[in-house]
């Protein structure tokens, strides 16, 4: 809304969209990197070449965390995707208040849709990353 006050032009809403996308791109690699480190520790330190080794034989933080799973009602989305979708929608709706023309609406709609699609792709990749990288780390350990 501050952009609307200072720069009442629809295309000025690229500024907050860029900030939203930049913030997401700062968070995304942190999460994916932390997961990759976890799989490395699990395979090369905890399992020591034997994924069926009993949990009590070695430190087993990663294996226990994977088995523990989610606790209903606790935590949030690791990539904050719902929050970014809300910010994306709020930015687009604020832009609509400025009374954009048809071209502005389409250009900004496409830009917002592209980022929304990127959020969806990142969310799907996050859901499969752990299993994919665990398999890959086990291949590397052989």
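The values are calculated or read from the model by the stated rules, or taken from the named source; none is laboratory data. These numbers come from a predicted model, not from an experiment. Cβ: placed from backbone, ideal geometry, glycine included. Neighbour counts: every protein chain shown.
Which of the residues belonging to the range 101-124 are touching a residue at least 40 places away in the same chain (Cβ under 8 Å) and in a helix (DSSP H, G or I)?
Of the range 101-124, the ones touching a residue at least 40 places away in the same chain (Cβ under 8 Å) are 101, 104-105, 107-108, 111-112, 115, 118-119, 122-123.
The answer is 104, 105, 107, 108, 111, 112, 115, 118, 119, 122, 123.
Which of the following residues is at pLDDT 90 or above and over 19 Å from residue 128 (Cβ atoms): 14, 84?
84
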